[in-house]
Amino acid sequence: MQEQDFRTKLNQMVFGVRATALIVKDNRLLVVEDEDGFYTIGGAIQVDEATEDAVVREVKEELGVASRAVQ
């Protein structure tokens, strides 16, 4: 079964609830660059998923490393 996330489409625009990992080391913020610009690691939160779990999942998906969410 495919997980459902919090995204909706209105005309040609997609809106969603996104969990973002702010990864800081030596006062530097990790960002990823693609053809559209820069962004932080993260993605859509799935239905019934805690924000912290979404951040950990997205870091694993995008960077391939284990992490933990802290406040």
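The values are calculated or read from the model by the stated rules, or taken from the named source; none is laboratory data. Quick caveat, the model's predicted, so the values are computed rather than measured. So basically every Cβ, Gly included, is an ideal-geometry build from the backbone, and we count neighbours across all protein chains shown. Only protein heavy atoms, including side chains, enter the accessible area calculation; ligands, DNA and RNA are left aside. Shrake-Rupley method; radii C 1.70, N 1.55, O 1.52, S 1.80 Å.
Values computed for the structure shown
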| quantity | calculated |
| --- | --- |
| Among the candidates A19, A50, A54, residue that is touching a Gly at 6+ places or on another chain (Cβ under 6 Å) and not β-branched (V, I, T) | A19 |
| Restricting the range 33-48 to residues that are in a loop (DSSP other than H, G, I, E, B) and without any contact (Cβ under 8 Å) to a residue 40 or more places away in the chain, the residue that is surrounded by the fewest Cβ atoms within 10 Å (Cβ to Cβ) | E35 |
| In the range 11-31, the residues that are farther than 21 Å from D53 by Cβ and either open to solvent by 70 Å² or more (accessible area, probe 1.4 Å) or assigned to a strand (DSSP E or B) (or both) | N11, Q12, M13, V14, F15, K25, D26, N27, R28, L29 |
| Total residues in the range 9-29, condition within 19 Å of G64 (Cα to Cα) and either among the β-branched types (V, I, T) or over 13 Å from the mean Cα position of the chain (by Cα) (or both) | 5 |
| Odd one out for A21, checked against (1) without any contact (Cβ under 8 Å) to a residue 12 or more places away in the chain; (2) at negative phi | (1) |
